[in-house]
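Read through the structure below, which is laid out as structure tokens, and then see the notes.
The values are calculated or read from the model by the stated rules, or taken from the named source; none is laboratory data. What you are looking at is a predicted structure, and each value in this text was computed from that prediction instead of being measured. All Cβ positions, glycine included, derive from the backbone under ideal geometry; neighbour counts span all protein chains shown.
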């Protein structure tokens, strides 16, 4: 019997109160757009399904109508367990207003929790999240006052502390692929990533739940190449065909994302010489050959661009938490995919590699920092960005380079004669006495012996002896006016304070770093 059906028929399979796992990544990457649209439409017209628990590892949507926002209606969900919240301002607002129970766990923890659920184990045991806001001693990942249940427990094994992320049944998984046959076997040859699709499907199936898959093409029974099938049909209960399915929000299909073509280097446009490139260049100078490196969302993705411009991209192994190895990472809304990747793994396998300390170095964002070097990227007042893979990565990499501008909101800079000029200071300070949320704790860095740098356009800091230490300033920058007066605390100033490398502030290539 064929498993093909309409999006409306698939949406009708989801019952009130169900725990629903959805997969995808920002910018409509691997998002089952039409199915989620049908679920929303059914609720708005009939009031069902309601009272659901929504679970998602990655940020899903486009900050407009898609992804998680499909569920952001009063009464539609009662609880959200999300890894990244930034793609749905509407769901953030519901959490801030105490209209839903809201949790933020790391992307890797949720992804790997699907595996534990599928295996009927009691939960995920890991050090990921220790000392952060996810640690039960610091709130257990709860985001508001109405969220009461403890989903994370502190346990001790062999004299060492771990976090136990408790397992719970998944009633529905909504996933996406490229092609499905009548038995529900799913291939993913046109998808730019695999994400946690397989893990979510296994979790739902083994919980006695259902799996709904959206694809672009339908195929006859038994006609798919078995090596291309990523989700066996035995897991899948319903298949919705959407011929208009786009690979990402930027294009119906980009063959470079699936290695069907290889982009020539000259098509890669170098970054203009702005403060973003200054940060990327200084961060790039920390690279050494043959390192396995993770790149984070936002300003850190400029490191790959600089590496390509400097002819260094093939000398290191860039990775992204969505499962990508090599290639040139995409920037902006579709971060998480890459042109001409060397390998594309399941996201769970990537996080296993990360959490097992496989990373030599990571470049991640810098939103708020305090004098001890602790970092917040997850929550700011009424804005819930979510941690995404930040916690998984910062607690596993041997060396961390945080990248960001020195101040936020309206910062304008220019370069004159190789010197940095602050044309307009940002409205908000980033180096604060107290940060809003503890996404990265340097207590963990001390335990693990991590090397930590903080790179901005005008200053570089290092974590030395558990405190933030100023080690470099940009040429043209006044130490007191442009740095110390823009901080809420006075950092330790290194006795060997240096000027940042002059090559960073020149328009030509830097040459050997």
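What the table below lists for this structure:
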read-out	value
Residue match in the range 484-494 (condition: under 20 Å from residue 413 (Cβ atoms) and surrounded by fewer than 17 Cβ atoms within 10 Å (Cβ to Cβ))	yes
Boolean, residue 400 is in contact with a strand residue (DSSP E or B) (Cβ under 6 Å, 6 or more places away or on another chain), farther than 24 Å from residue 92 by Cα, at pLDDT 95 or above and surrounded by 14 or more Cβ atoms within 10 Å (Cβ to Cβ)	yes
Residue identified as out of contact with any strand residue (DSSP E or B) (no Cβ under 9 Å at 6 or more places or on another chain) and either at pLDDT below 95 or under 30 Å from residue 505 (Cα atoms) (or both) among 272, 255	272
Filter result (in contact with a strand residue (DSSP E or B) (Cβ under 7 Å, 6 or more places away or on another chain) and over 17 Å from residue 332 (Cβ atoms)) within the range 291-312	291, 292, 293, 294
In the range 405-453, the residues that are crowded, with 17+ Cβ neighbours inside 10 Å and either within 23 Å of residue 127 (Cβ to Cβ) or free of Cβ contacts under 8 Å to residues at least 12 places away in the same chain (or both)	435, 437, 438, 439, 440, 441, 442, 444, 445, 450, 452, 453
So residue 225, is it at pLDDT 95 or above, over 25 Å from residue 107 (Cβ atoms) and buried (at least 16 other Cβ atoms within 10 Å of the Cβ)	no
Unique residue being under 20 Å from residue 387 (Cβ atoms), in contact (Cβ under 8 Å) with a residue 12 or more places away in the chain, touching a helix residue (DSSP H, G or I) at 6+ places or on another chain (Cβ under 6 Å) and surrounded by fewer than 24 Cβ atoms within 10 Å (Cβ to Cβ) when the list is 69, 128, 147	69
Tally of residues being buried (at least 22 other Cβ atoms within 10 Å of the Cβ), free of Cβ contacts under 8 Å to residues at least 60 places away in the same chain and on the phi > 0 side of the Ramachandran plot across the range 329-379	0
Residues (part of a strand (DSSP E or B) and either in contact (Cβ under 8 Å) with a residue 40 or more places away in the chain or not assigned by TED's automatic domain parsing to the domain that holds residue 300 (or both)) located in the range 311-328	319, 324, 328
Residues within the range 281-313 that are within 20 Å of residue 462 (Cβ to Cβ) and under 19 Å from the mean Cα position of the chain (by Cα), tallied	6
Test: residue in the range 437-456 that is at pLDDT 95 or above, part of a strand (DSSP E or B), in contact with a strand residue (DSSP E or B) (Cβ under 9 Å, 6 or more places away or on another chain) and farther than 30 Å from residue 160 by Cα	yes
Flag if residue 498 is farther than 22 Å from residue 395 by Cα, outside any helix (DSSP H, G or I) and touching a helix residue (DSSP H, G or I) at 6+ places or on another chain (Cβ under 8 Å)	no
Of residues in the range 314-328 being closer than 20 Å to residue 510 by Cβ and crowded, with 19+ Cβ neighbours inside 10 Å, the one nearest to the chain's Cα centre (by Cα)	318
Among residues of the range 277-306, those that are assigned to a helix (DSSP H, G or I) and either buried (at least 23 other Cβ atoms within 10 Å of the Cβ) or at pLDDT 95 or above (or both), counted	15
